[in-house]
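Quick notes on the structure that follows.
The values are calculated or read from the model by the stated rules, or taken from the named source; none is laboratory data. Computed from a prediction, not measured in an experiment: that's the story for all the values here. Here the Cβ positions follow ideal geometry from the backbone for every residue, glycine too, while neighbour counts run over all protein chains shown. With ligands, DNA and RNA removed, areas are computed over all heavy atoms of the protein, side chains included. Shrake-Rupley method; radii C 1.70, N 1.55, O 1.52, S 1.80 Å.
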Amino acid sequence: MRSTDTRQHIVDAALALVADRGYSATSVDEIAAAAGVAKGSVFYNFGSKAELFEAIIAEGVDRLTATLRGAAQGAHGRDAVEALVTELLTQVRDHPDFAKVMVAEVFRTGRRWQDSIRSLRDDAIGVFAAAVADAWPDRDPSLTAAALFGATVVAGLEWLVFQPERSLDEVRTAVLAAVR
């Protein structure tokens, strides 16, 4: 495998394992085995398990923030809110392991990657807050955006794990009905 392929295999394997077992319960040996590489390759590419996890968070934060900004671009008010909810549900569907890790890690403190998680919160919820302020000027945009973001992620995971027969449109409609 080429270096970038190796690196991506390690990231993918680590993300799947951490989403399933949690960070503390996942060893570098398990990550290497799942990625099909030697343990030394993990350390060569990332330096440590913590640096690997930091890379996972940074990659996910960058992707999520970019897609949310793209979804909101050119939309205003409730149309922007609907576009953001739709895009966030799409991201949860397309990247469920990252969504699980995000939910599990967002409120943990004292972790090395807390700044990356805070970045996710500030960037992603900031995009939601701008749309909320435009859609409902009488509401607290920061808290309402956090509630909307959290409800969307949890509803998305509920959908994938417990109600996979539902469509994205059904889940989006339920989330939006809750905030109206």
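To two decimal places, what compactness ratio does the stretch 120-180 give when its Cα radius of gyration is scaled by 2.2 N^0.38 Å?
Expressed relative to 2.2 N^0.38 Å, the Cα Rg reads 1.18.
Just grab the label-to-label distance for E158 and D115, each label 7 Å out from Cα along the Cβ direction, in nm (one decimal).
Rounded to a tenth, the inter-label distance reads 3.6 nm.
Report ³J(HN,Hα) in whole Hz for each residue of the stretch 161-176, in order, from the Karplus equation J = 6.51 cos²θ - 1.76 cosθ + 1.60 where θ = phi - 60°; Gly and Pro get x.
My calculation for the stretch 161-176 gives 8, 10, 9, x, 6, 6, 8, 4, 4, 5, 5, 4, 4, 5, 4, 5 Hz in order.
Please give the charge dipole size of the stretch 123-173, origin at the Cα centre, charges +1 on K and R Cβ atoms and -1 on D and E Cβ atoms. Round to the nearest 20 debye.
40
Compute the length gained on full extension between A38 and D138: take 0.36 nm times their separation in residues and subtract their Cα-Cα distance, giving the result in nm to one decimal.
Between A38 and D138, full extension yields an extra 30.4 nm.
Say R0 is 41 Å: what FRET efficiency, to the nearest 0.05, do A174 and S3 get from their beta-carbon distance?
Efficiency, rounded to the nearest 0.05: 0.40.
With θ set to phi - 60° and the Karplus curve 6.51 cos²θ - 1.76 cosθ + 1.60, what are the ³J(HN,Hα) couplings of the stretch 74-80 in order, to the nearest whole Hz, using x for Gly and Pro?
In residue order, the calculated couplings are x, 9, 9, x, 5, 5, 5 Hz.
Please name whichever of L15, Q91, Y44 sits farthest to the positive end of the charge dipole of the chain, dipole taken about the Cα centre and charges placed at Cβ: Lys and Arg +1, Asp and Glu -1.
Y44
Can you give the accessible area per residue of the stretch 1-156, in Å², using a 1.4 Å probe?
Result: 48 Å² per residue.
Could you pull out the GluC sites (Glu not before Pro) across the stretch 123-180 that fall in loop regions by DSSP (anything but H, G, I, E, B) with no more than 16 other Cβ atoms inside 10 Å?
Taking the stretch 123-180 and a limit of 16 other Cβ atoms within 10 Å, the loop GluC sites (Glu not before Pro) found are E165.
Any chance you could run the full-extension gain for D123 through V106? It's 0.36 nm times the residue separation minus the Cα-Cα distance, nm to one decimal.
Stretched out fully, the D123 to V106 stretch lengthens by 4.8 nm.
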